[in-house]
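Computed from the coordinates by the stated procedures, all read-outs in this text should not be read as laboratory data. Since we're looking at a predicted model, the values are computed, not measured. Every residue, glycine among them, receives a Cβ derived from its backbone with ideal geometry; neighbour counts consider all protein chains shown.
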Amino acid sequence: MGRSLMPLDYEPLAESLVHLDQSILVIPSFTLECGTELRDVPVAYKTWGRLNSARDNVMIICHAFTGSADVEDWWGPLMGPGRAFDPQRFFIFCANVLGSPYGTASSITINPDTGKPYGPEFPATTIRDDVWLHKRVLDHVGVQSVAVAIGGSMSGMAILEWPLCTPDGYIRHVIPIATSARHSAWCISWGEAQRELA
């Protein structure tokens, strides 16, 4: 399915962006929704808690546009025993999205064809690409089904995609926050402005 690699062989600037307490799975080949194939695709992710024997006590937390897999940095008050994100109850999973500079394939990732960072040649990706890629990581970990998936803003869009991109019943509950399945022209323009600023 993939091979584990830690730490990544990035340029020095990129190394400072990668948190060394996260795991990296390298997917040998991944085809984007647009048809472009990426090779040796690193996916950075973090987990908390333990996978139960049925392998179905999984909570997926998806991060927003400017976030990372470091859930404790942005939803920290919700994480802990007896809280919403309880690692004693759930096996919690959060992965960085494509294009993120925090360890998953992006413009700072080394292109295996050139030996240099992709830079502006890194292809445009979609929310659905992130879901498909993260599902590959969950398959590697051995997850059978997901109890709940939660995310806000851009990640709320991913939460809406998860049930569409996985077999019926794989995702039992979704909690999309501050998001929508469709956007007005105004909302699309704000999203484009955010992408341009990033």
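Checking (1) 25, 21, 17; (2) 31, 21, 12; (3) 27, 25, 17 against semi-axes √(5λ) of the Cα gyration tensor in Å calculated from these atoms, the matching label is (1).
Each Lys and Arg adds +1 at its Cβ and each Asp and Glu adds -1 at its Cβ; summed about the Cα centre, the chain shows a dipole of about 620 debye.
Between residue 144 and residue 189, what FRET efficiency follows from the Cβ-Cβ distance if R0 is 35 Å, with the result rounded to 0.05? My answer for the efficiency is 0.30.
Taken about its Cα centre, region 62-122 carries a charge dipole of roughly 120 debye when the Cβ of each Lys and Arg holds +1 and the Cβ of each Asp and Glu holds -1. Close amide H contacts of residue 146 (hydrogens built in the peptide plane, cut-off under 5 Å, sequence separation of 5 or more or a different chain): 171, 172. Taking label positions 7 Å along the Cα-Cβ direction at both residue 26 and residue 175, the computed distance is 3.6 nm, reported to one decimal.
The label point for residue 74 and the one for residue 114, both projected 7 Å from the Cα toward the Cβ, are 2.8 nm apart.
For region 29-89, the dipole from Cβ point charges (+1 on Lys and Arg, -1 on Asp and Glu) about the Cα centre works out to 280 debye, to the nearest 20. So the label point goes 7 Å from the Cα of residue 107 along Cα→C-beta, right? Which residues of region 52-85 then have their backbone N under 17 Å from it? Zone members listed by number: 65-67.
The alpha carbon centroids of region 67-110 and region 127-198 are separated by 14 Å.
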